[in-house]
1. What is the one condition in (1) modelled with pLDDT under 85; (2) hydroxyl-bearing (Ser, Thr, Tyr); (3) surrounded by 12 or more Cβ atoms within 10 Å (Cβ to Cβ) that THR233 does not satisfy?
2. Suppose the filter is assigned to a helix (DSSP H, G or I), more than 24 Å from TYR140 (Cβ to Cβ) and of a type outside the set (A, V, I, L, M); does GLN68 pass it?
3. Right, ALA147: farther than 19 Å from ILE205 by Cα, in contact (Cβ under 8 Å) with a residue 24 or more places away in the chain and either surrounded by 22 or more Cβ atoms within 10 Å (Cβ to Cβ) or not small (Gly, Ala, Ser) (or both) or not?
4. Looking at the stretch 204-221, which of the residues that are β-branched (Val, Ile, Thr) and either touching a strand residue (DSSP E or B) at 6+ places or on another chain (Cβ under 6 Å) or open to solvent by 30 Å² or more (accessible area, probe 1.4 Å) (or both) is farthest from LEU106 (Cα to Cα)?
5. With the structure loaded, tell me whether SER118 is of a type in the set (Gly, Ala, Ser), in contact (Cβ under 8 Å) with a residue 24 or more places away in the chain and open to solvent by 10 Å² or more (accessible area, probe 1.4 Å) or whether it fails that test.
6. Which of the residues belonging to the stretch 70-107 are farther than 27 Å from PRO33 by Cβ, over 15 Å from the mean Cα position of the chain (by Cα) and open to solvent by 20 Å² or more (accessible area, probe 1.4 Å)?
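The values are calculated or read from the model by the stated rules, or taken from the named source; none is laboratory data. Small disclaimer: the values here were computed from a predicted structure and weren't measured. FYI the Cβ positions are ideal-geometry reconstructions off the backbone, even for glycines, and counts take in every protein chain you see. Ligands, DNA and RNA are stripped out before the accessible areas are found, and what is left, the full protein with its side chains, is counted by its heavy atoms. Shrake-Rupley method; radii C 1.70, N 1.55, O 1.52, S 1.80 Å.
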Amino acid sequence: MFPIRDHNPSGRVPYVTYALMAANIGIFLSMLPISGDERALAQFYYDWALLPRRIMEGDGYSALLSSQFLHGGWMHLAGNMLFLWIFGDNVEDEMGHLPYLGFYLLAGALSGLAHVVSDPTSFVPMVGASGAIAGVMGGYLLLYPKAKIDILLILIVFFRIFPIPAWIMLILWFAMQFIGGIGSLQGTGGVAYWAHAGGFIAGLILTLPLWLRLGGVSFWQTTHGHPPHPEATYALPSSIPKVKRK
């Protein structure tokens, strides 16, 4: 089960979101020539990925930014870009282009620090835009808690697309990261769960000033948690296939 789109059209072109997606995809493609060279790849990750132990030793701080644009594989990249495409345009629309860029990079850096705190002696490189995008999701939750998110549910041969409120999807996602983070403390898993959870919380906190300027609770009361503009509509396919009679 994963989100495929929202019903929340943006009022202006999300240039920064598009640029971030292009940068992530371009950097990933530029890494393909060394993807089969373990030594070159190890050196590349040492130089640009986030290594908690290096940070604790007072080195490699630039990786708090550079690691946000690196990915470990096609599915890692595709999943992150899907979430950024769904949630990024609306947060950028509300914040403005340059403030949104600063928000994105800062949320990503804070998510990296959360990962460092969770495993300070690790020399395993952490890469991915997930923490920054988690920050975007946290901001989205605060601004549009009842925006409709279309979820694709796949159960073997059964599939269906159905809308749910953003707050349900986002809180479930955060809960999964938190539970995964607890499990990682026992030495299980290879996902940076605390980076995801930390980025999400950072995004919530960083969006609070904007939310308060919009009116805070009164903003929610005015919009009832929905986007303050007409929502997009889509033709949702039925879960029951139609078979023509001969």
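1. (3)
2. Here the answer is no, as GLN68 does not meet what is asked.
3. yes
4. VAL217
5. Here the answer is yes, as SER118 does meet what is asked.
6. If the condition is that a residue be farther than 27 Å from PRO33 by Cβ, over 15 Å from the mean Cα position of the chain (by Cα) and open to solvent by 20 Å² or more (accessible area, probe 1.4 Å), then ASP93, GLU94, MET95, HIS97, LEU98, PRO99, GLY102 are the ones that fit.
A quick yes/no check of all residues on (1) open to solvent by less than 20 Å² (accessible area, probe 1.4 Å); (2) assigned to a helix (DSSP H, G or I); (3) aliphatic (A, V, I, L, M); (4) closer than 18 Å to GLY131 by Cβ:
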residue: PRO9; (1), (2), (3), (4): no, no, no, no
residue: LEU20; (1), (2), (3), (4): yes, yes, yes, yes
residue: ALA23; (1), (2), (3), (4): no, yes, yes, yes
residue: ALA42; (1), (2), (3), (4): no, yes, yes, no
residue: ASP47; (1), (2), (3), (4): no, yes, no, no
